[in-house]
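**Student:** Okay, handing you the structure first.
The values are calculated or read from the model by the stated rules, or taken from the named source; none is laboratory data. Not measured: the values here are computed from a predicted model. Heads up, the Cβs are rebuilt from the backbone with ideal geometry, glycines too, and the neighbour counts pull from every protein chain shown. Areas reflect the complete protein model, heavy atoms only, side chains present, ligands, DNA and RNA absent. Shrake-Rupley method; radii C 1.70, N 1.55, O 1.52, S 1.80 Å.
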Amino acid sequence: MERDPVSRLIVISNRVAAPQPEGEGGAQGGLAVALSAALREYRGFWFGWSGNRIEEFTGKIDFQRHEGVTSATIDLEEQDVEEYYNGYANRTLWPLFHYRIDLAEYDRSFGAGYERVNERFAETVYPLIEPEDLVWVHDYHLIPLGRQLRQRGVANRIGFFLHIPWPPARLLTTLPDHEHLALSLLAYDVIGFHTREWLESFQNYVERELGGRCDPDGWIHVGDRSVHAAAYPIGIDYREFSEAAASEAARSACERLRKSADGRRTIIGVDRLDYSKGLEERFLGYRRFLEENAERRGEVFLLQIAPPSRGEVHTYETIRETLDELSGRINGEFAEVDWVPIRYVNQGYGREDLAGFYRASNIALITPLRDGMNLVAKEYVAAQDPDDPGVLILSRFAGAALQLKDALLVNPYSKEEISDAIRQALAMPREERVRRWRSMIETVRSEDVVWWRRRFVAALAGEDVEAAGSARAAG
Ligand SMILES: O=P(O)(O)OC[C@H]1O[C@H](O[C@H]2O[C@H](CO)[C@@H](O)[C@H](O)[C@H]2O)[C@H](O)[C@@H](O)[C@@H]1O
Ligand SMILES: O=c1ccn([C@@H]2O[C@H](COP(=O)(O)OP(=O)(O)O)[C@@H](O)[C@H]2O)c(=O)[nH]1
C-alpha cells in the first residue's frame, strides 16, 4: 500500500531529471533516476537548475509536470555555472570527496560562486515552502542551502543527503574554509549518507575538527546545535527496472549483443566517463588478464559503455583522452582479424537497452576507485537470469560493496586482483553463480529505492525509521 503523507515533500537538488532529448538517455546518473521515482509517491515538487544558461539571473521559475512529477527549475548565469557547478562542485568538492586531493582545485572565485548560487536557490525556493512541508536537499552542490533557508526564516524540518563519500578528516582539512562548509550541515535536522563508512568519517571530523560530540544513537552535538546523522543506502527502482528488463526492447538489446558476441563471453562495464570510476585501472587490469591468459584471448571481450560527463572540466577531458589512447593501444596490441578485446562506447543508453545488455553479459566489471553507492552494480544483479546468472566483480571501495557481499570484491588499484577475478568469474560453476546471485538479489529487491526514501523521509518527519523500512520489506 502506498502511504498517503500529510506533508508535502520538497526535493531540492542541482540536477532535476527533465524529459531527456532523444539520444541522450542515460547520461543523467543515479541521483536523477532515484529521485524521479521518489517524487511519484509524494505530493510536492522537485526544485533545481534547469541545465540552461542565461545572460542575467532572473529567478524566474519554470514549472512542469511530467510522468507524475512536478518540477520547478531556474536558469543560471554562465558565471554561476562556471564557478558553482564546473568550479566548486566538480573541480573542488568532487575530487576531494573521492579522495583525489591531487586533482582538487582551490580557487576563491569557486567558493564565492558556490555560496552565490546557493543563495539564489534559497531566495527563489523559500517563498514556495509552506509551514508543514518536509524539505529534502541533495548532494554536495547544495551543502550551504539549509543555512541559507534558515537565514530566511524557514523553520521546517530540513534534511540533507550526501550521494558521494564523506572523506577522511585528514583529507578534508586540505579544503580552505572546511569548518565553514561542515558547520553549514548543522542547519539541517537530519543528515544521510550511503554507508556507515562515510558516516563514521563525518563523525570523526566533527569530533576532531569541530570539537563536537557524537552519541551512539546518531545524535551529533556541536555548540547549541544537534542534528541526527545515519546511513541510508540507496537502492534501485526494482519494480520499474524489472519491468524495463522484461520489455521487448530489452529482449531485443540482449539478443543484439548476444548475436554480436558470436559465442564469446561478454564482460560489461557501464559508467559515466569519470576518473572516480577507475576506468583506466580497469582497462589495465583487463590487459593484465589478456597477457596472463593468452589461451583465453578471443573467448571474451570487454564492452565498456562510458557516456561523457562534465565535459567542460579539464580533468574529464584528460580522462577521456587517456581512455581513447589506452583502449586503442590495448586493441592494437591484442586484436586479431576477427576479434577486438575492448569495445569502448562513448554513448549513453536508456534503461531498457541497458537491462538487455546486462542480461547478455556473463560478467560485470565495476571497479570505481571510490563511489558513494554505484547503482549500476545493483541493476546488473536485477537484470540476470535466475537460472543462469552472471558474475558481479565489484570494487571494495564502492558503497554498494557493503551490501553486495557475495560479489567478487576486488581492490580496483590492483591489476592482479582484477585479472584474477576475471579468471575466477569465467571459471565459476553455475551452482556458485546461482548461490551468490540469490543472496545479492534478495538485498537488491528488498533494499530498493522505495525502502531508501521511506526510511529517510520517516527520519525527516521524526517517525520510526525501522518501521518505515520494514513496512516496505513486508509489501
Ligand atoms: O549531475 P552530473 O554532474 O551529470 O552527475 C551525475 C550524478 O553523479 C553523482 O551520483 C552519485 O549518486 C548516485 C545515487 O545516489 C550514487 O550511486 C553514485 O555513487 C554517486 O556518484 C552525483 O552525486 C549526483 O549529484 C549527480 O547527479
Ligand atoms: O548509458 C547509460 C549509463 C548510465 N545510466 C544510468 O546512470 C546511473 C548511474 O548511477 P551510478 O550510481 O552507478 O553512478 P553515478 O553516475 O550516479 O555516479 C545508473 O542508473 C545507470 O543505469 C544510464 O541510464 N545510461
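**Student:** Of the heavy-atom accessible surface of the chain (probe 1.4 angstrom), what whole percent is carbon and sulfur? Present the calculation step by step, with values, prior to reporting the outcome.
**Tutor:** Numbers: 9020 of 19480 Å².
C and S atoms contribute 46 percent here.
**Student:** In degrees between 0 and 90, to the nearest 10, how far off the longest principal axis of the chain does helix 108-125 point, with axes built from Cα atoms?
**Tutor:** Helix 108-125 and the main axis of the chain meet at about 70 degrees.
**Student:** If I take R0 = 30 Å and measure r between the Cβ atoms of A230 and R152 in this structure, what FRET efficiency does the formula 1/(1 + (r/R0)^6) give, to the nearest 0.05? Could the numbers behind the result be given before it?
**Tutor:** On the way: r = 27 Å, r/R0 = 0.90.
My answer for the efficiency is 0.65.
**Student:** Placing unit charges on C-beta atoms (Lys and Arg positive, Asp and Glu negative, everything else neutral), compute the dipole magnitude of the chain about its Cα centre in debye, rounded to 20.
**Tutor:** Numbers: 58 positive and 76 negative charges, 189 e Å.
Around 920 debye, computed over the chain.
**Student:** Also, I was wondering about something else. Could you compute how fast segment 147-196 diffuses translationally, taking Rh as the Kirkwood radius over C-alpha pairs and applying Stokes-Einstein at 10 °C with viscosity 1.306 mPa s? Give it in µm² per second. Mind dumping the intermediate values first?
**Tutor:** On the way: Rh = 12.3 Å.
Roughly 129 µm²/s, to the nearest whole number.
**Student:** In square angstrom, what is the accessible area per residue of segment 153-246 with a 1.4 angstrom probe? All intermediate terms of the calculation are to be shown ahead of the outcome.
**Tutor:** Details: 3700 Å² over 94 residues.
Computed with neighbouring chains in place, this is 39 Å² per residue.
**Student:** Moving to a separate point now. Using only helices, what value at 222 nm comes out for the chain when you add -39,500 (n - 2.57) per DSSP H run of length 4 or more and divide by the total residues, to the nearest 500 deg cm²/dmol? Each step should come with its number before you reach the end.
**Tutor:** On the way: 17 runs with 194 residues, N = 475.
The per-residue figure over the chain is -12500 deg cm²/dmol.
**Student:** Follow-up question, since we're still on this one. For R310, what residues show an amide H to amide H distance below 5 Å, using hydrogens built from the backbone and excluding near sequence neighbours?
**Tutor:** none
**Student:** Only loop residues by DSSP count here, and only those with at most 11 other Cβ atoms within 10 Å; note down the GluC sites (Glu not before Pro) in segment 213-292 that meet that. Can you show the working numbers first?
**Tutor:** On the way: sites: E240, E243, E248, E255, E280, E281, E291, E292; in loops: none.
Taking segment 213-292 and a limit of 11 other Cβ atoms within 10 Å, no loop GluC sites (Glu not before Pro) are found.
**Student:** Restricting to Cα pairs below 8 Å that are 6+ residues apart, what does the relative contact order work out to for segment 239-446? Please round to a whole percent. Kindly include the intermediate steps, with their values, before the conclusion.
**Tutor:** On the way: 370 pairs, mean separation 54.0, N = 208.
Once divided by the residue count of segment 239-446, the mean separation gives 26 percent.
**Student:** Which one, Y344, F241, A294, is farthest towards the positive end of the dipole of segment 239-446 when Lys and Arg carry +1 and Asp and Glu -1 on their Cβ?
**Tutor:** Checking the options against the dipole of segment 239-446, the answer is F241.
**Student:** Something else: For the chain, what does the relative contact order come out to in percent, with C-alpha contacts under 8 Å and a separation of six or more? The partial results should precede the final answer.
**Tutor:** Values: 903 pairs, mean separation 66.8, N = 475.
The value is 14 percent.
**Student:** Still on this model: With all pairs of different alpha carbon atoms counted, what Kirkwood hydrodynamic radius in Å does segment 239-446 show?
**Tutor:** Numbers: mean 1/r = 0.0588 Å⁻¹.
Taking every pair of different Cα atoms in segment 239-446, averaging 1/r and inverting gives 17.0 Å.
**Student:** Report the number of Lys pairs in the chain whose alpha-carbons are under 26 Å apart, with separation of 8 or more residues or on distinct chains.
**Tutor:** On the way: K259/K378; K277/K378; K277/K405; K277/K415; K378/K405; K378/K415; K405/K415.
Within the chain, the lysine pair count is 7.
**Student:** Here's a follow-up. Distance from the Cα centre of segment 122-167 to that of segment 176-233, in angstrom?
**Tutor:** 16 Å
**Student:** If you put +1 on each Lys and Arg Cβ and -1 on each Asp and Glu Cβ, how big is the dipole of segment 239-446 around its Cα centre, in Debye rounded to 20? List each step's numbers first, then the result.
**Tutor:** Numbers: 32 positive and 35 negative charges, 95 e Å.
Roughly 460 debye for segment 239-446.
**Student:** Using the alpha-carbon atoms, what tilt in degrees (0 to 90, nearest 10) does helix 196-209 show relative to the longest principal axis of the chain?
**Tutor:** Rounded to the nearest ten degrees, it is 40.
**Student:** Taking a quarter of the surface of the convex hull around the Cα atoms of segment 108-149, what do you get in nm²?
**Tutor:** 3.0 nm²
**Student:** For the ranges 386-395, 201-210, what's the packing order if you count other beta-carbon atoms within 10 Å of each residue, average per peptide, and put the highest first? Don't skip to the end; give the middle numbers.
**Tutor:** Values: 386-395: 21.4, 201-210: 18.6.
Listed from highest to lowest mean packing, they are 386-395, 201-210.
**Student:** Also, I was wondering about something else. How many angstrom lie between the C-alpha centres of segment 398-475 and segment 332-370?
**Tutor:** One Cα centre to the other: 22 Å.
**Student:** Which whole-number percentage describes the relative contact order of segment 129-284, with Cα contacts under 8 Å and a sequence gap of 6 or more? Please report the intermediate quantities before stating the final value.
**Tutor:** Working: 175 pairs, mean separation 26.5, N = 156.
Computed over segment 129-284, the figure is 17 percent.
**Student:** How large is the dipole of segment 284-381 about the Cα centre if only Lys and Arg carry +1 and Asp and Glu carry -1, each at its Cβ, rounded to the nearest 20 debye?
**Tutor:** Values: 12 positive and 16 negative charges, 68 e Å.
Result for segment 284-381 is approximately 320 debye, rounded to the nearest 20.
**Student:** In the calculated pair distance distribution of the chain, what percentage of Cα-Cα distances lie above 35 Å? Let's see the in-between values first.
**Tutor:** Numbers: 34915 of 112575 pairs.
Tail of P(r) above 35 Å: 31 percent of Cα pairs.
**Student:** Specify which residue in the list L142, A382, P368 is farthest towards the positive end of the charge dipole of the chain, using unit charges on the beta carbon of Lys, Arg (+1) and Asp, Glu (-1), about the Cα centre.
**Tutor:** Final value for the positive-end residue is A382.
**Student:** Near S226, within a Cβ-to-Cβ distance under 11 Å, what is the net charge of the other residues, with Lys and Arg +1 and Asp and Glu -1? Spell out each step's value before the answer.
**Tutor:** Values: positive: R213, R225; negative: D189, D215, D224.
Value of the local net charge: -1.
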